[in-house]
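What follows is a single structure, written as structure tokens, with notes after it.
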Amino acid sequence: GYPADSVENLRFNTLLDGLFHASTYLFVLLGLLLLWRAAHQSQLWWSGKRLVGTMLIGFGLFNLVEGLVDHQILGIHHVNETVPREQWIYWDLGFLLWGALMLVGGWRLWRQGRRASRG
């Protein structure tokens, strides 16, 4: 990414961010397709905890990937660019921490749902 100091740079950064988000939508569609196929298998055990857990895992992974790729590696944008530049890292780290918490919490819920569904 480029510094957000001109309209051209903002447009380019927005384009890159949009392409990244578009690719994540493709993964969401792929996940829905896999869920649809799995729903038609008789050995599938449905559980609310497993559903919410996998959603949190997905949200957490998205935050971690987006935070690392867009914020840290490419520098396309940061979580809060309205604060002084030296504070950006704290917002970015908070975003990554929130993603990690969702991932771990989702994994724990998923495991609880797996145990509950087996009886």
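For the reader, a short list of remarks on this structure follows.
- Filtering region 1-21 for residues that are modelled with pLDDT under 85, of a type in the set (Val, Ile, Thr) and assigned to a helix (DSSP H, G or I) leaves a non-empty set.
- Answer residue from region 55-87, given it is in a helix (DSSP H, G or I) and among the small types (Gly, Ala, Ser) and is modelled with the lowest pLDDT among those: Gly58
- Among the residues of region 67-116, those that are charged (D, E, K, R) and more than 23 Å from Ser23 (Cα to Cα) comprise Glu81, Arg85, Glu86, Arg108, Arg111, Arg114, Arg115.
The values are calculated or read from the model by the stated rules, or taken from the named source; none is laboratory data. Here the structure is a predicted model, which is why all the values come from computation and not from measurement.
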